[in-house]
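J.: I'd like to ask some things about the structure below.
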Amino acid sequence: MAGKKKVTSTDIARAAGVSQSTVSMVLNRKYNVSFSKETVEKVEAAAEELGYVLPKRKGKKENRREKLLVVFCSNLTNPYYVMLLQGIELRAKEQGYGLFVCNTQRDLKMEERYLKMMWELHPVGIIYTCNPSHCFMDTVEKLAGEIPVVIINNQNERLNVDAVELDNSKLGRIMARHLLELGHRKVAYIAPPLTVRQKQRSKRVEGFLKEFEKAGLRDQVIIRAAAEEIDRDIAHIDSEYRIGYELTRELLAQKQDVTAIVGLNDMIAFGILDALQEAKLKVPGDVSVMGCDNTLFASMHKMSLTTIEHFVIFKGRDACDIIMKKIDSGRGKYAGAEPISTYHVEYEPRLIVRGTTSYARTKKKKN
């Protein structure tokens, strides 16, 4: 025996002697036009007689809570953060989630403003693509008690939230070992401002210095960091490139006889390369250059930058996956009874040797 035919709004319209659009508006209580009491009663009676069930619809607030992820970024001019966003967005799109990106520009007032918005925005999850400012950690942990929060952070930070971790000290050590193995003894390290708030930067430099210290060459490393006020300005698309370019020019003007220059990230390394080219110095014949993050431009033929791969896009994807797991566990059969789990994910970084590093040049003997 065939199943019972599903009742539609067209069936009700036919039974009530009105148009299908009238049925739709009456049953959904969308009175864009005025209907007589008689018409409304006629439609409702026909619907009841035919056994029509109005489909349930989720409210706007519920839909928003199920669909919106918030991502905090400190800078969108560096491809590193764009790569993180790409990893997050790829996974979010697969699962039908939208993104709301908060670019704090490393400004405390801006970060505070966005954090205050979270209580009204009610996202289903928050991803920080860098460590939150310490003065807001209590707020972030409080938010984490209400909704899933994941931080892509510097390892060994004491955080009571889920994290995709990065050991910045290890990145610095790998860079230093590569140069030491190539015979580089006097080198320079160029960085953005090394402030207390930007601890991840200092960790890379510390790791680099420790390797040279183990080799008894700590005093052969020249550190050049940009002035602190640079972080207080709105970042431009070439801000980090300019740091590499300007500080390398200063270094060369001081006639520092270095055989390698390291940029804290790839964008700084590109600035270093241009300053050396302008000074008619060959890379890597005269000076080797290294970056970090393995951004898209680093692999381009003319750049061919030696750098460190630490799987940035994958970290964005994993941060999103942790949010999804937390959301799913909250909806599960045993929701409210499952143990509280804290996720910590870390990738092993890898050296990518390309065309900008080679053995240290040796001084030519005079006749």
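The values are calculated or read from the model by the stated rules, or taken from the named source; none is laboratory data. Predicted, not measured: the structure shown is a model, and the values here were computed from it. For neighbour counting, all protein chains shown are included, and Cβ atoms are generated from backbone atoms with ideal geometry for every residue, glycine included. Calculation scope for accessible area: heavy atoms of the full protein, side chains included, ligands and nucleic acids excluded. Shrake-Rupley method; radii C 1.70, N 1.55, O 1.52, S 1.80 Å.
J.: Restricting to the range 161-173, name every residue that is more than 27 Å from residue 126 (Cβ to Cβ) and surrounded by fewer than 24 Cβ atoms within 10 Å (Cβ to Cβ).
T.: The one that is more than 27 Å from residue 126 (Cβ to Cβ) and surrounded by fewer than 24 Cβ atoms within 10 Å (Cβ to Cβ): 173.
J.: Inspect the range 200-212 for any residue being assigned to a helix (DSSP H, G or I), open to solvent by 30 Å² or more (accessible area, probe 1.4 Å) and at pLDDT below 85 and give the result as yes or no.
T.: yes
J.: So which residues in the range 282-330 are of a type in the set (Ser, Thr, Tyr) and touching a residue at least 24 places away in the same chain (Cβ under 8 Å), if there are any at all? Outline the logic, then answer.
T.: Filtering the range 282-330 down to residues of a type in the set (Ser, Thr, Tyr) leaves 288, 295, 299, 304, 306-307, 329.
Answer for the range 282-330, where residues must be of a type in the set (Ser, Thr, Tyr) and touching a residue at least 24 places away in the same chain (Cβ under 8 Å): 288, 295, 299, 304, 306, 307.
J.: Name the single residue that is surrounded by the most Cβ atoms within 10 Å (Cβ to Cβ) among those in the range 111-136 being in contact with a Phe, Trp or Tyr (Cβ under 9 Å, 6 or more places away or on another chain) and modelled with pLDDT under 90.
T.: Taking the candidates together, the pick is 132.
J.: Then there is this: Would you pick out the residues in the range 226-263 that are among the aliphatic types (A, V, I, L, M), farther than 11 Å from residue 188 by Cβ and not in a helix (DSSP H, G or I)?
T.: Taking the range 226-263 first, the residues among the aliphatic types (A, V, I, L, M) are 226-227, 230, 234-235, 237, 243, 247, 251-253, 258, 260-262.
If we keep only those that are farther than 11 Å from residue 188 by Cβ as well, we get 226-227, 230, 234-235, 237, 243, 253.
If the condition is that a residue be among the aliphatic types (A, V, I, L, M), farther than 11 Å from residue 188 by Cβ and not in a helix (DSSP H, G or I), then 226, 227, 234, 235, 237 are the ones that fit.
J.: Restricting attention to the range 310-347, and to residues there that are hydrophobic (A, V, I, L, M, F, W, C) and farther than 26 Å from residue 79 by Cβ, which single residue is modelled with the lowest pLDDT? Outline the logic, then answer.
T.: Quick first cut of the range 310-347, residues hydrophobic (A, V, I, L, M, F, W, C) only: 311-314, 319-320, 322-324, 327, 335, 337, 340, 345.
Those left that are additionally farther than 26 Å from residue 79 by Cβ: 327, 335, 337, 340.
Numbers: 327: 82, 335: 48, 337: 44, 340: 49.
Restricting to residues being hydrophobic (A, V, I, L, M, F, W, C) and farther than 26 Å from residue 79 by Cβ, the top hit is 337.
J.: So, one more: Restricting attention to the range 275-284, does a residue exist that is open to solvent by less than 60 Å² (accessible area, probe 1.4 Å) and among the polar types (S, T, N, Q)? If you could, list the steps in order and put the result at the bottom.
T.: Narrowing the range 275-284 to residues open to solvent by less than 60 Å² (accessible area, probe 1.4 Å): 275-276, 279, 281, 283-284.
Next, only the ones that are among the polar types (S, T, N, Q) stay: none.
No, because not a single residue in the range 275-284 is open to solvent by less than 60 Å² (accessible area, probe 1.4 Å) and among the polar types (S, T, N, Q).
J.: Let me ask something additional. Quick check on this structure: which one of 265, 294 is out of contact with any strand residue (DSSP E or B) (no Cβ under 8 Å at 6 or more places or on another chain) and surrounded by 14 or more Cβ atoms within 10 Å (Cβ to Cβ)?
T.: Being out of contact with any strand residue (DSSP E or B) (no Cβ under 8 Å at 6 or more places or on another chain) and surrounded by 14 or more Cβ atoms within 10 Å (Cβ to Cβ) holds for just one of 265, 294, which is 265.
J.: So residue 195 ticks every box in (1) surrounded by fewer than 16 Cβ atoms within 10 Å (Cβ to Cβ); (2) part of a helix (DSSP H, G or I); (3) out of contact with any Lys or Arg (no Cβ under 7 Å at 6 or more places or on another chain) but one. Which box is left unticked?
T.: (2)
J.: Okay, next question. Residues being more than 30 Å from residue 109 (Cα to Cα) and either hydrophobic (A, V, I, L, M, F, W, C) or at pLDDT below 90 (or both): count how many of those fall in the range 216-261.
T.: Total satisfying the criteria: 12.
J.: Sticking with this one: Please work out which residue is surrounded by the fewest Cβ atoms within 10 Å (Cβ to Cβ), limiting yourself to the range 297-309 and to residues that are modelled with pLDDT of 90 or more and in a loop (DSSP other than H, G, I, E, B).
T.: Checking each candidate, the answer is 304.
J.: Return the total of residues in the range 60-94 being within 18 Å of residue 322 (Cα to Cα), modelled with pLDDT under 90 and surrounded by 14 or more Cβ atoms within 10 Å (Cβ to Cβ).
T.: Within the range 60-94, residues that are within 18 Å of residue 322 (Cα to Cα), modelled with pLDDT under 90 and surrounded by 14 or more Cβ atoms within 10 Å (Cβ to Cβ) number 2.
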